[in-house]
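Just below is one structure, and these are the notes that go with it.
The values are calculated or read from the model by the stated rules, or taken from the named source; none is laboratory data. Because the structure is predicted, anything quoted here is derived from the model rather than measured. A quick note on method: Cβ atoms are made from the backbone with ideal geometry, for glycine too, and the neighbour counts reach across all protein chains shown. Only protein heavy atoms, including side chains, enter the accessible area calculation; ligands, DNA and RNA are left aside. Shrake-Rupley method; radii C 1.70, N 1.55, O 1.52, S 1.80 Å.
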Amino acid sequence: MEKPHKIALALQGGGVHGAFAWGVLDGLLDQVVAGNVDIVGLSGASSGALTATAFVYGCHQGAGQPGPATARTRRIAEAGRDKVRELWETIARVAFWSGNPFVAAATLGSGWNIDDSAAARWADVAGATSPVAETGLGGSLSTVLREVMPEIPAIFALPQAGTPSLVIAATDIGEGRRKLFVDGAVSPDALRASNCKPAPFSAIEIDKHLYWDGGYLGNPPLTCLVERLRESEAQDLLVVTINPLRRDGPPPRSHRQVADRLNELTFNTALIHEINTIETINRLIDAKMIVDPPPGQHPFRRINLHRIEADADIAPLGIYSKEAPAWEFLVYLRNLGRRAFDKAWPEIEPALGHGSTWDTTSVCNDILARKAILSP
(Lines give C-alpha, C1' and ligand atoms only; values in the text may rest on other atoms or scores of the structure.)
Protein backbone atom coordinates (compact mmCIF):
# COMPACT_ATOMS: atom_id res chain seq x y z
CA MET A 1 0.00 0.00 0.00
CA GLU A 2 1.36 3.42 -0.95
CA LYS A 3 2.05 5.95 1.77
CA PRO A 4 -0.38 8.90 1.90
CA HIS A 5 0.71 12.10 0.21
CA LYS A 6 1.71 14.70 2.77
CA ILE A 7 0.23 18.12 2.09
CA ALA A 8 -0.18 21.46 3.82
CA LEU A 9 -3.42 23.42 3.68
CA ALA A 10 -3.77 27.22 3.64
CA LEU A 11 -7.24 28.71 4.22
CA GLN A 12 -8.01 32.23 3.08
CA GLY A 13 -10.41 34.37 5.09
CA GLY A 14 -13.35 36.38 3.82
CA GLY A 15 -15.90 36.81 6.58
CA VAL A 16 -18.84 34.42 6.46
CA HIS A 17 -17.75 33.32 2.98
CA GLY A 18 -15.05 31.37 4.83
CA ALA A 19 -17.62 28.57 5.23
CA PHE A 20 -16.60 27.68 1.66
CA ALA A 21 -13.39 26.23 3.14
CA TRP A 22 -15.50 24.01 5.40
CA GLY A 23 -16.84 22.23 2.32
CA VAL A 24 -13.38 21.90 0.75
CA LEU A 25 -11.98 20.48 3.97
CA ASP A 26 -14.90 18.06 4.21
CA GLY A 27 -14.00 16.64 0.82
CA LEU A 28 -10.30 16.47 1.63
CA LEU A 29 -11.00 14.57 4.84
CA ASP A 30 -12.58 11.77 2.81
CA GLN A 31 -9.16 11.38 1.20
CA VAL A 32 -7.50 11.40 4.62
CA VAL A 33 -9.83 8.69 5.92
CA ALA A 34 -9.17 6.64 2.79
CA GLY A 35 -5.43 6.79 3.49
CA ASN A 36 -4.59 8.85 0.42
CA VAL A 37 -3.62 12.13 2.09
CA ASP A 38 -1.94 13.24 5.30
CA ILE A 39 -2.45 16.90 6.31
CA VAL A 40 0.77 17.94 8.07
CA GLY A 41 -0.02 21.61 8.65
CA LEU A 42 -2.65 24.31 8.30
CA SER A 43 -2.51 28.07 8.20
CA GLY A 44 -5.23 30.69 8.06
CA ALA A 45 -6.25 34.27 8.60
CA SER A 46 -9.59 35.74 9.63
CA SER A 47 -12.36 33.16 9.12
CA GLY A 48 -9.76 30.83 7.61
CA ALA A 49 -7.98 30.90 10.96
CA LEU A 50 -11.22 29.89 12.70
CA THR A 51 -11.79 26.89 10.45
CA ALA A 52 -8.15 25.79 10.67
CA THR A 53 -8.12 26.11 14.46
CA ALA A 54 -11.40 24.23 14.90
CA PHE A 55 -10.10 21.40 12.73
CA VAL A 56 -6.79 21.06 14.59
CA TYR A 57 -8.64 21.34 17.92
CA GLY A 58 -10.87 18.44 16.90
CA CYS A 59 -7.84 16.46 15.74
CA HIS A 60 -6.27 16.81 19.19
CA GLN A 61 -9.50 15.62 20.78
CA GLY A 62 -9.65 12.66 18.40
CA ALA A 63 -6.04 11.75 19.12
CA GLY A 64 -6.92 11.33 22.78
CA GLN A 65 -9.89 9.04 22.16
CA PRO A 66 -9.52 5.33 22.97
CA GLY A 67 -9.73 2.74 20.22
CA PRO A 68 -7.69 0.45 18.01
CA ALA A 69 -4.45 1.88 16.64
CA THR A 70 -5.43 0.89 13.12
CA ALA A 71 -8.38 3.29 13.23
CA ARG A 72 -6.51 6.21 14.81
CA THR A 73 -6.22 8.22 11.59
CA ARG A 74 -9.96 7.94 11.03
CA ARG A 75 -10.73 8.99 14.63
CA ILE A 76 -8.53 12.05 14.32
CA ALA A 77 -9.96 13.08 10.94
CA GLU A 78 -13.60 12.56 11.93
CA ALA A 79 -13.14 14.45 15.20
CA GLY A 80 -11.69 17.34 13.20
CA ARG A 81 -14.59 17.19 10.75
CA ASP A 82 -17.14 17.25 13.59
CA LYS A 83 -15.49 20.21 15.27
CA VAL A 84 -15.53 22.32 12.10
CA ARG A 85 -19.23 21.63 11.67
CA GLU A 86 -19.83 22.55 15.31
CA LEU A 87 -17.96 25.82 14.77
CA TRP A 88 -20.17 26.96 11.89
CA GLU A 89 -23.36 25.70 13.56
CA THR A 90 -22.52 27.73 16.64
CA ILE A 91 -21.65 30.82 14.61
CA ALA A 92 -25.08 30.63 12.95
CA ARG A 93 -26.97 30.06 16.21
CA VAL A 94 -25.22 32.82 18.15
CA ALA A 95 -25.66 35.29 15.28
CA PHE A 96 -29.36 34.48 15.04
CA TRP A 97 -30.03 35.12 18.72
CA SER A 98 -27.83 38.23 18.76
CA GLY A 99 -30.18 39.96 16.32
CA ASN A 100 -27.74 40.31 13.42
CA PRO A 101 -29.85 42.21 10.83
CA PHE A 102 -28.05 40.61 7.89
CA VAL A 103 -29.09 37.14 9.02
CA ALA A 104 -32.74 38.09 8.63
CA ALA A 105 -32.02 39.77 5.29
CA ALA A 106 -30.33 36.62 3.95
CA THR A 107 -33.10 34.38 5.21
CA LEU A 108 -35.99 36.45 3.88
CA GLY A 109 -34.48 37.47 0.54
CA SER A 110 -34.89 35.74 -2.81
CA GLY A 111 -31.14 35.17 -3.15
CA TRP A 112 -27.91 35.36 -1.18
CA ASN A 113 -26.88 38.78 -2.47
CA ILE A 114 -28.38 41.22 0.05
CA ASP A 115 -26.56 44.38 -1.05
CA ASP A 116 -29.90 46.05 -1.88
CA SER A 117 -31.65 45.03 1.33
CA ALA A 118 -32.88 47.47 3.96
CA ALA A 119 -30.16 46.25 6.33
CA ALA A 120 -27.48 46.99 3.73
CA ARG A 121 -28.84 50.47 3.03
CA TRP A 122 -28.84 51.19 6.74
CA ALA A 123 -25.23 50.02 6.97
CA ASP A 124 -24.24 52.25 4.06
CA VAL A 125 -25.73 55.32 5.71
CA ALA A 126 -24.33 54.49 9.15
CA GLY A 127 -20.89 53.64 7.77
CA ALA A 128 -20.62 56.97 5.97
CA THR A 129 -20.96 58.91 9.22
CA SER A 130 -19.62 56.69 12.00
CA PRO A 131 -17.96 53.31 12.64
CA VAL A 132 -20.41 50.50 11.99
CA ALA A 133 -21.09 48.03 14.79
CA GLU A 134 -19.61 44.57 14.26
CA THR A 135 -22.28 42.29 12.81
CA GLY A 136 -20.39 39.39 11.22
CA LEU A 137 -18.09 36.87 12.86
CA GLY A 138 -16.34 39.32 15.16
CA GLY A 139 -19.44 40.53 16.98
CA SER A 140 -20.05 37.20 18.72
CA LEU A 141 -16.66 35.53 18.38
CA SER A 142 -15.84 35.41 22.09
CA THR A 143 -19.07 33.53 22.78
CA VAL A 144 -18.44 31.10 19.90
CA LEU A 145 -14.90 30.34 21.08
CA ARG A 146 -16.02 29.70 24.66
CA GLU A 147 -18.62 27.20 23.45
CA VAL A 148 -16.73 25.43 20.68
CA MET A 149 -13.08 25.51 21.78
CA PRO A 150 -13.01 26.11 25.53
CA GLU A 151 -9.63 24.43 26.04
CA ILE A 152 -7.48 26.63 23.81
CA PRO A 153 -4.60 27.25 24.05
CA ALA A 154 -3.95 24.43 26.54
CA ILE A 155 -5.05 21.67 24.17
CA PHE A 156 -2.36 22.70 21.68
CA ALA A 157 0.45 22.88 24.24
CA LEU A 158 1.23 19.16 24.17
CA PRO A 159 2.10 17.68 20.77
CA GLN A 160 -0.06 14.76 19.66
CA ALA A 161 1.23 12.31 17.09
CA GLY A 162 -0.79 12.41 13.90
CA THR A 163 -2.15 15.92 14.39
CA PRO A 164 -1.23 18.77 12.04
CA SER A 165 0.61 21.92 13.06
CA LEU A 166 -1.35 25.17 13.18
CA VAL A 167 -0.40 28.73 12.22
CA ILE A 168 -2.71 31.75 12.25
CA ALA A 169 -1.89 35.31 11.24
CA ALA A 170 -2.62 38.73 12.67
CA THR A 171 -1.31 42.18 11.72
CA ASP A 172 0.72 44.20 14.24
CA ILE A 173 -0.55 47.70 13.51
CA GLY A 174 2.21 49.45 15.44
CA GLU A 175 5.20 47.67 13.95
CA GLY A 176 3.61 47.10 10.56
CA ARG A 177 4.47 43.42 10.44
CA ARG A 178 2.84 40.04 10.35
CA LYS A 179 2.50 38.14 13.58
CA LEU A 180 2.19 34.36 13.39
CA PHE A 181 0.71 32.44 16.31
CA VAL A 182 1.86 28.82 16.20
CA ASP A 183 0.29 25.80 17.93
CA GLY A 184 0.28 26.50 21.69
CA ALA A 185 0.36 30.26 21.09
CA VAL A 186 -3.05 30.13 19.37
CA SER A 187 -5.31 31.63 22.03
CA PRO A 188 -8.80 33.17 21.98
CA ASP A 189 -7.19 36.60 21.81
CA ALA A 190 -5.04 35.51 18.86
CA LEU A 191 -8.15 34.35 17.00
CA ARG A 192 -9.97 37.58 17.84
CA ALA A 193 -6.95 39.51 16.55
CA SER A 194 -6.88 37.53 13.32
CA ASN A 195 -10.57 38.43 12.78
CA CYS A 196 -10.43 42.06 13.98
CA LYS A 197 -11.68 44.60 11.45
CA PRO A 198 -9.92 47.98 11.50
CA ALA A 199 -12.02 50.58 13.29
CA PRO A 200 -11.45 53.13 16.05
CA PHE A 201 -10.83 51.41 19.41
CA SER A 202 -11.24 47.94 17.87
CA ALA A 203 -7.68 46.59 17.95
CA ILE A 204 -6.93 43.49 20.03
CA GLU A 205 -4.08 43.86 22.50
CA ILE A 206 -1.72 40.94 23.13
CA ASP A 207 1.49 41.41 25.15
CA LYS A 208 1.30 45.21 24.72
CA HIS A 209 0.97 44.94 20.93
CA LEU A 210 -2.17 45.92 19.03
CA TYR A 211 -3.47 43.74 16.21
CA TRP A 212 -5.93 43.85 13.33
CA ASP A 213 -7.08 41.24 10.84
CA GLY A 214 -4.27 38.92 9.73
CA GLY A 215 -5.33 39.12 6.10
CA TYR A 216 -3.49 42.39 5.49
CA LEU A 217 -0.08 40.70 5.55
CA GLY A 218 -0.95 37.05 5.01
CA ASN A 219 -4.29 35.81 3.73
CA PRO A 220 -3.40 33.04 4.23
CA PRO A 221 0.28 32.88 5.32
CA LEU A 222 2.22 30.45 3.12
CA THR A 223 5.95 30.60 3.81
CA CYS A 224 5.51 29.10 7.27
CA LEU A 225 3.89 26.07 5.63
CA VAL A 226 6.81 25.78 3.24
CA GLU A 227 9.07 25.22 6.24
CA ARG A 228 6.61 22.67 7.63
CA LEU A 229 6.69 20.80 4.31
CA ARG A 230 10.48 20.77 4.32
CA GLU A 231 10.47 19.28 7.81
CA SER A 232 8.01 16.61 6.64
CA GLU A 233 9.92 15.88 3.42
CA ALA A 234 6.83 16.85 1.46
CA GLN A 235 6.20 19.41 -1.24
CA ASP A 236 2.49 20.01 -1.91
CA LEU A 237 0.69 23.13 -0.71
CA LEU A 238 -3.07 23.45 -1.29
CA VAL A 239 -4.49 26.98 -1.08
CA VAL A 240 -8.23 27.51 -0.60
CA THR A 241 -9.15 31.01 -1.76
CA ILE A 242 -12.30 32.98 -0.98
CA ASN A 243 -11.73 36.47 -2.36
CA PRO A 244 -12.05 36.68 -6.16
CA LEU A 245 -8.87 37.84 -7.85
CA ARG A 246 -10.97 39.83 -10.34
CA ARG A 247 -14.41 41.43 -10.26
CA ASP A 248 -16.43 42.43 -13.30
CA GLY A 249 -19.20 44.97 -13.39
CA PRO A 250 -19.47 48.58 -12.15
CA PRO A 251 -16.95 49.97 -9.66
CA PRO A 252 -17.81 50.10 -5.95
CA ARG A 253 -19.79 53.18 -4.96
CA SER A 254 -20.92 53.03 -1.34
CA HIS A 255 -18.63 53.50 1.66
CA ARG A 256 -18.68 49.82 2.50
CA GLN A 257 -18.33 48.68 -1.10
CA VAL A 258 -15.17 50.74 -1.52
CA ALA A 259 -13.74 49.54 1.80
CA ASP A 260 -14.55 45.92 0.99
CA ARG A 261 -12.93 45.95 -2.45
CA LEU A 262 -9.90 47.69 -0.98
CA ASN A 263 -9.64 44.90 1.58
CA GLU A 264 -9.94 42.26 -1.13
CA LEU A 265 -7.18 43.89 -3.16
CA THR A 266 -4.96 44.16 -0.09
CA PHE A 267 -5.61 40.61 1.05
CA ASN A 268 -5.03 39.14 -2.41
CA THR A 269 -1.87 41.20 -2.89
CA ALA A 270 -0.32 39.66 0.22
CA LEU A 271 -1.19 36.20 -1.11
CA ILE A 272 0.13 36.85 -4.63
CA HIS A 273 3.43 38.22 -3.35
CA GLU A 274 4.02 35.08 -1.27
CA ILE A 275 3.13 32.91 -4.24
CA ASN A 276 5.55 34.94 -6.36
CA THR A 277 8.32 34.24 -3.85
CA ILE A 278 7.62 30.51 -3.80
CA GLU A 279 7.39 30.35 -7.57
CA THR A 280 10.67 32.25 -7.99
CA ILE A 281 12.45 29.83 -5.65
CA ASN A 282 10.92 26.92 -7.56
CA ARG A 283 12.41 28.23 -10.79
CA LEU A 284 15.82 28.59 -9.13
CA ILE A 285 15.59 25.02 -7.81
CA ASP A 286 14.59 23.75 -11.26
CA ALA A 287 17.63 25.54 -12.72
CA LYS A 288 19.85 24.00 -10.01
CA MET A 289 20.86 27.46 -8.85
CA ILE A 290 20.15 26.81 -5.16
CA VAL A 291 22.66 24.80 -3.16
CA ASP A 292 21.36 22.48 -0.46
CA PRO A 293 22.06 23.51 3.13
CA PRO A 294 24.75 21.80 5.24
CA PRO A 295 24.19 18.19 6.40
CA GLY A 296 21.64 17.89 9.17
CA GLN A 297 19.36 20.55 7.76
CA HIS A 298 16.32 19.88 5.63
CA PRO A 299 17.07 20.15 1.90
CA PHE A 300 15.32 22.65 -0.32
CA ARG A 301 12.44 21.14 -2.24
CA ARG A 302 10.26 22.39 -5.02
CA ILE A 303 6.85 23.39 -3.63
CA ASN A 304 3.94 22.29 -5.77
CA LEU A 305 1.10 24.80 -5.58
CA HIS A 306 -2.55 23.86 -5.95
CA ARG A 307 -5.65 26.02 -5.62
CA ILE A 308 -9.34 25.34 -5.00
CA GLU A 309 -11.69 28.26 -5.69
CA ALA A 310 -15.15 29.20 -6.86
CA ASP A 311 -14.60 32.81 -7.91
CA ALA A 312 -17.43 32.75 -10.45
CA ASP A 313 -19.91 31.66 -7.77
CA ILE A 314 -18.62 33.79 -4.89
CA ALA A 315 -18.25 37.11 -6.73
CA PRO A 316 -22.04 37.55 -7.31
CA LEU A 317 -22.76 37.04 -3.60
CA GLY A 318 -22.03 40.68 -2.92
CA ILE A 319 -20.48 42.32 0.08
CA TYR A 320 -23.01 42.23 2.87
CA SER A 321 -23.47 38.48 2.72
CA LYS A 322 -20.01 38.30 4.31
CA GLU A 323 -21.73 39.61 7.45
CA ALA A 324 -24.71 37.22 7.30
CA PRO A 325 -24.03 33.88 9.01
CA ALA A 326 -27.52 32.49 8.41
CA TRP A 327 -27.45 28.71 8.67
CA GLU A 328 -29.02 28.19 5.25
CA PHE A 329 -26.36 30.41 3.68
CA LEU A 330 -23.54 28.63 5.50
CA VAL A 331 -24.83 25.29 4.20
CA TYR A 332 -24.93 26.75 0.68
CA LEU A 333 -21.28 27.85 1.02
CA ARG A 334 -20.27 24.49 2.46
CA ASN A 335 -21.90 22.67 -0.45
CA LEU A 336 -20.25 25.09 -2.87
CA GLY A 337 -16.88 24.25 -1.34
CA ARG A 338 -17.55 20.54 -1.56
CA ARG A 339 -18.48 20.83 -5.25
CA ALA A 340 -15.35 22.87 -5.91
CA PHE A 341 -13.25 20.18 -4.24
CA ASP A 342 -14.91 17.40 -6.23
CA LYS A 343 -14.25 19.34 -9.44
CA ALA A 344 -10.60 20.14 -8.69
CA TRP A 345 -9.40 16.97 -6.98
CA PRO A 346 -9.23 14.68 -10.06
CA GLU A 347 -6.60 17.03 -11.48
CA ILE A 348 -4.79 17.69 -8.20
CA GLU A 349 -4.49 14.12 -6.91
CA PRO A 350 -2.29 12.66 -9.68
CA ALA A 351 -0.06 15.76 -9.54
CA LEU A 352 0.76 15.37 -5.83
CA GLY A 353 4.49 14.93 -5.46
CA HIS A 354 5.07 15.69 -9.13
CA GLY A 355 4.07 19.23 -10.04
CA SER A 356 1.77 22.21 -9.59
CA THR A 357 -1.76 22.40 -10.93
CA TRP A 358 -2.10 26.14 -10.27
CA ASP A 359 -0.59 28.20 -13.10
CA THR A 360 1.08 30.68 -10.76
CA THR A 361 3.40 31.91 -13.51
CA SER A 362 0.50 33.39 -15.47
CA VAL A 363 -1.16 34.74 -12.31
CA CYS A 364 1.99 36.51 -11.10
CA ASN A 365 2.89 37.81 -14.57
CA ASP A 366 -0.58 39.28 -14.91
CA ILE A 367 -1.21 40.73 -11.46
CA LEU A 368 2.34 41.83 -10.64
CA ALA A 369 3.20 42.89 -14.22
CA ARG A 370 6.47 41.00 -13.96
CA LYS A 371 7.26 41.35 -17.66
CA ALA A 372 6.42 45.03 -17.96
CA ILE A 373 10.06 46.10 -18.45
CA LEU A 374 11.04 43.33 -20.86
CA SER A 375 11.68 44.16 -24.49
CA PRO A 376 8.91 43.11 -26.91
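Details
- Answer label for volume of the Cα convex hull per residue in Å³ (calculated), chosen among [x] 153; [y] 164; [z] 230: [y]
- You can think of it this way: the chain between residue 335 and residue 265 has 22.6 nm of extra reach, that is 0.36 nm per residue less the Cα-Cα gap.
- Compared with the direct C-alpha span, the chain from residue 231 to residue 258 gains 5.6 nm at full extension, assuming 0.36 nm per residue.
- Note on the chain: dipole from Cβ charges, positive end direction compared against 69, 187, 296; the farthest Cα belongs to 296.
- For the range 4-67 versus the range 276-344, the gap between their alpha-carbon centres in whole angstrom: 13 Å
- Amide N proximity, the range 206-227 versus residue 273 label position 7 Å along Cα-to-Cβ, cut-off under 20 Å: 210-227
- Carbon and sulfur %, accessible surface of the range 5-374 computed with the full protein complex present, 1.4 Å: 55 percent
- Shown in residue order for the range 272-283 are the 3J(HN,Hα) couplings computed by the Karplus curve 6.51 cos²θ - 1.76 cosθ + 1.60 at θ = phi - 60°: 5, 5, 5, 4, 4, 5, 4, 5, 5, 5, 4, 5 Hz (x for Gly and Pro).
- Residue by residue, the range 180-195 carries 3J(HN,Hα) couplings of 10, 9, 10, 6, x, 8, 7, 10, x, 5, 5, 5, 5, 5, 5, 10 Hz when phi is fed to the Karplus relation 6.51 cos²θ - 1.76 cosθ + 1.60 (θ = phi - 60°); x denotes Gly or Pro.
- Theoretical FRET efficiency, 1/(1+(r/R0)^6), r = Cβ-Cβ of residue 288 and residue 312, R0 56 Å, to 0.05: 0.90
- Within the range 70-94, backbone nitrogen closer than 20 Å to the virtual label 7 Å beyond the Cα of residue 146 toward Cβ: 86-94
- Extension gain (nm, one decimal) between residue 96 and residue 175, 0.36 nm per residue minus Cα-Cα: 24.7 nm
- The chain: antiparallel DSSP beta bridges as a percent of all, rounded to 5: 35 percent
- Over 28 Å (Cα to Cα) - which of 288/371; 6/288; 83/322; 6/179; 3/179; 208/322 fall in this group: 3/179; 208/322
- Placing unit charges on the Cβ atoms only, positive for Lys and Arg and negative for Asp and Glu, gives the chain a dipole magnitude near 200 debye about its Cα centre.
- Each label was represented as a point 7 Å from its Cα along the Cα-to-Cβ direction; for residue 199 and residue 30 these points are 3.9 nm apart.
- Most fluctuating residue given options 246, 334, 228, as computed from a GNM of the chain linking Cα atoms under 10 Å: 246
- Interchain or long-range residues, amide H under 5 Å from residue 5's placed H: 37, 38
- What the phi angles of the range 289-296 give under the Karplus curve with 6.51, -1.76 and 1.60, with θ = phi - 60°, is a coupling list of 9, 10, 8, 4, x, x, x, x Hz, glycine and proline written as x.
- Accessible area of the range 5-374 divided out per residue, in Å², using a probe of 1.4 angstrom: 44 Å²
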